[in-house]
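*Asks:* Sharing a structure, written as structure tokens. Questions coming.
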Amino acid sequence: MQTRCPYCALQCAMTLTPAGAGAVVEAGDGGLCRKGWTSAALLDSPRRLTHPWVRDGRHGRLREATWDEALDRVADGFRRAQDSGGYDAVGVFGGGGLTNEKAYLLGKFARVALRSSSIDYNGRFCMSSATAGALRAFGLDRGMPFPLVDLDDAGCILLVGSNLAETMPPVMQRLVRQRENGGTLIVVDPRRTPTADAATLHLQVQPGTDLALANGLLFLAIELGHVDEAYIAARTTGWGDVRRAVSASWPAQVERATGVSEPDLRRAVQLLAAADRAMVLTARGAEQHAHGVDTVSAFVNLALALGLPGRPGAGWGCLTGQGNGQGGREHGQRADQLPGYRRLDDPAARAHVAAVWGIDPDDLPAPGRSAYELLEALGSGGGPRALLLMGSNPVVSAPRAAHVQSRLASLDLLVVADVVLSETAAMADVVLPVAQWAEEDGTTTDLQGRVLLRRRALDPPPGVRTDLHVLAGLAQRLGCTATFPVEPREVFDELRLASSGGPADYAGISYDRLAAGEALHWPCPLESSPGTPRLFLERFATPDGRARFVAVSQPPSAEPVDEDFPLLLTTGRVAAHYQSGAQTRRIDELSGDAPAAFVELHPFLAERLDVADGERVRVSTRRGEAFVRTRVSSDIRPDTVFVPFHWAGRQRANLLTSDALDPTSKMPAFKVCAARIDRLEEALR
Ligand SMILES: Nc1nc2c(c(=O)[nH]1)N[C@H]1C(S)=C(S)[C@@H](COP(=O)(O)OP(=O)(O)OC[C@H]3O[C@@H](n4cnc5c(=O)[nH]c(N)nc54)[C@H](O)[C@@H]3O)O[C@H]1N2
Ligand SMILES: Nc1nc2c(c(=O)[nH]1)N[C@H]1C(S)=C(S)[C@@H](COP(=O)(O)OP(=O)(O)OC[C@H]3O[C@@H](n4cnc5c(=O)[nH]c(N)nc54)[C@H](O)[C@@H]3O)O[C@H]1N2
Ligand code: SF4
Ligand SMILES: [Mo]
């Protein structure tokens, strides 16, 4: 059966053939990375959950339970929390890996069955800065407003804070083709990653200074006469302010701020300007900062000044990360959102969605707290006393994780629906075992805005239920009379109605069209419409149709280095593991390849600290400490260290990270904070 990989936003095609209790994977045309190849190993793994668990009392052990007992316990707990604390006393936390159907129904569950405003999801930790940057520039957020195939013919690609050779390996084939077609690639990363290795030019920026870099590139583009004045006049507003804002970003000053040399800055601008069709793509390295939205704006400004967005084959885009990172941010699991990318504070949107849901618009709650703010407020923090968590593992992946863990521990009731006993599920009072990707139908929307059908290839094992069944079972126990269908196709048809007329309009997309192999990118308002692979060709989605320049400047560092914490810590990914590692650490082939976290540091720094390659050290920040082995490499800047975040316990990168949030997107500053490294003898002294 043809299906799609469960992991990242590339959603690679694969064929699954049942074999024994599991399945054999074959790659589709685009190929698979090693996570995709090994993904079926978790389907018949003894490490997956196959029956519900409940905990007796606060400190009891988890024990096996029936579904009825588990769901009754959840419904009772939710009712009790709301009786004493009001509707918002029950929270919901979702995930960008959930299908469109699940994300939609989870949002409906929170707003209709619980009437709670307390819902948000882990996508906040992922693309929310790009989302906010795109909305303010273009009036619409579809990560890539053009199809992936456009990469093949791009004359120049400026890739900022993406290591796609390890995070989306099949895309590298496109970059090879782009090179063969005469294109150039500029990679901005504090590390010489395999992606940077493939570049024409690598700008080894100091973490957190991409905004200054973008303004510096724009300064040079102006100075060297590469600005597209005709495009600016015809298609944009706000250029004068931006031009003034970058007038002090002269190269020597930018070199000091970013660590990128003046000749490299000039070369980058020349490569961009020489290309017929250039593209600026940002990813988490640029976006996961306390000024991530402004950083995105700075790169959008550069793209606009060069006349790129809305021209075929060119533009600005964000490389969305999670399996359904695009669709998951459109259908209502965000605190401020209704399906179809509608706003919860917009009366017309409330009226439309309330009509689809058969409720009074006045019964819809107001917007709630963002992901970290929600986690931070749990339990004794004055927020929800009970939480339903579906599709995330914040004990490992949330910033300042020890603090988040203590908040989760202070809840009266934590309910986790998962496929494995993640670190967060292990803390829960009720654990609900759910079906995996290949065991249920569903749609995802990939990083280019294309809606894809993921087919059910196998039966789920007895004892597990789908997420849709879980929500339906709880809604019914809570006495909710609104519809909670359990058939994915029915949920999708309801989502189509709810999204109809909204910015992310799915009304014309059907299971039948998708099953017939149609390539449909939203918006797709009618069954007769072909979808929209390329946005903004005629006009942007702003009221006047013009893209908006936004003047931004590099803020001082949220956490400057000092004598106690003299190093810049950044975090990210390795090729073998996915996110919190809950799934991939349970796949032997992957955990064999990459068994533990590490701290990557430059030989100069290793020498100064007197640590050897492979030595166990303590990495600490103002939040806490982690214990990992060193990996000495001249691929990283000497002032910067890197720790991947896929591991749990005392190897957790997020014991170290800061909870400084971007004021607009509420994105945490995962990508830079001040740190120190100590040898163990000193650490233990
Ligand atoms: N193997 C693997 N693939 C994945 C995932 C995974 O967990 N594992 N997750 C998926 C998801 S959800 C996402 S969001 C994507 C993420 O995909 P990427 O954005 O490619 O991943 P990261 O490793 O988080 O960050 C990319 C790079 O940013 C660099 N960086 C760090 N700080 C800075 C900075 O201040 N400026 C700049 N310019 N660069 C910086 C890091 O050195 C790193 O090489 O990957 C998706 N694919
Ligand atoms: N330090 C640091 N921290 C980071 C980042 C970073 O770069 N650095 N990146 C951030 C980013 S970009 C992201 S996206 C987050 C991701 O971090 P998490 O939200 O923790 O992501 P996952 O590990 O994908 O968690 C998904 C959980 O849901 C389960 N699951 C999978 N599919 C389903 C399903 O269909 N239904 C249910 N009920 N459960 C399912 C999995 O088993 C797993 O336990 O981490 C963020 N945290
Ligand atoms: S690149 Fe992403 S979607 Fe493709 S196989 Fe790897 S993890 Fe799966
Ligand atoms: Mo992500």
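The values are calculated or read from the model by the stated rules, or taken from the named source; none is laboratory data. This one's a predicted model, so the numbers in the text were calculated from it and none came from an experiment. Glycine also receives a Cβ, built like all others from the backbone with ideal geometry; neighbour counts cover every protein chain displayed. Protein only, heavy atoms only, side chains kept; ligands, DNA and RNA dropped before computing areas. Shrake-Rupley method; radii C 1.70, N 1.55, O 1.52, S 1.80 Å.
*Asks:* Looking only at the range 499-540, which residues are in contact (Cβ under 8 Å) with a residue 40 or more places away in the chain, open to solvent by 20 Å² or more (accessible area, probe 1.4 Å) and more than 30 Å from Tyr231 (Cβ to Cβ)?
*Replies:* Ser500, Gly501, Ala515
*Asks:* Just give me the residues in the range 342-352 being surrounded by 21 or more Cβ atoms within 10 Å (Cβ to Cβ) and either over 28 Å from the mean Cα position of the chain (by Cα) or farther than 24 Å from Ser665 by Cα (or both), in sequence order.
*Replies:* Hit for the range 342-352 is His352, nothing else.
*Asks:* Is there a residue being within 16 Å of ligand 4 (Cβ to nearest atom), buried (at least 18 other Cβ atoms within 10 Å of the Cβ) and touching a residue at least 40 places away in the same chain (Cβ under 8 Å) anywhere in the range 62-83?
*Replies:* No, the range 62-83 has no match at all.
*Asks:* Write out, first by first residue and then by second, each pair whose Cβ atoms fall under 7 Å of each other, whose residues are 6+ apart or on separate chains, and whose first residue, in the range 660-685, is assigned by TED's automatic domain parsing to the domain that holds Arg618 and at positive phi while the second is assigned to a loop (DSSP other than H, G, I, E, B) and of a type in the set (Gly, Ala, Ser).
*Replies:* Taking only residues 6 or more apart or on different chains, the pairs are Lys666/Ser370.
*Asks:* Gln178 versus (1) free of Cβ contacts under 8 Å to residues at least 40 places away in the same chain; (2) touching a Cys at 6+ places or on another chain (Cβ under 6 Å): which is the lone unmet condition?
*Replies:* (2)
*Asks:* When the range 358-371 is examined, which residues are found to be closer than 19 Å to Asp88 by Cβ and in contact (Cβ under 8 Å) with a residue 24 or more places away in the chain? It would help to see each step written out before you state the result.
*Replies:* Going residue by residue through the range 358-371, those that are closer than 19 Å to Asp88 by Cβ are 359-371.
Ile359, Asp363, Leu364, Pro365, Ala366, Pro367, Gly368, Arg369, Ser370, Ala371, listed by residue number.
*Asks:* Another question, then. Can you tell which of Arg136, Arg124, Arg191, Arg179 is among the basic types (Lys, Arg) and open to solvent by less than 20 Å² (accessible area, probe 1.4 Å)? Break it down stepwise before answering.
*Replies:* Details: Arg136 fails: open to solvent by less than 20 Å² (accessible area, probe 1.4 Å); Arg191 fails: open to solvent by less than 20 Å² (accessible area, probe 1.4 Å); Arg179 fails: open to solvent by less than 20 Å² (accessible area, probe 1.4 Å).
Just a single option satisfies the conditions, and that option is Arg124.
*Asks:* A further question on this structure: So Thr481 clears everything in (1) more than 30 Å from Arg80 (Cβ to Cβ); (2) over 25 Å from the mean Cα position of the chain (by Cα) except one condition, right? Which one?
*Replies:* The number of the failed condition is (1).
*Asks:* Tell me whether the range 229-245 contains one or more residues that are over 22 Å from Phe138 (Cα atoms) and crowded, with 18+ Cβ neighbours inside 10 Å. Even if it seems obvious, please write down each step before you answer.
*Replies:* Residues of the range 229-245 over 22 Å from Phe138 (Cα atoms): none.
Checked the range 229-245: no residue is over 22 Å from Phe138 (Cα atoms) and crowded, with 18+ Cβ neighbours inside 10 Å.
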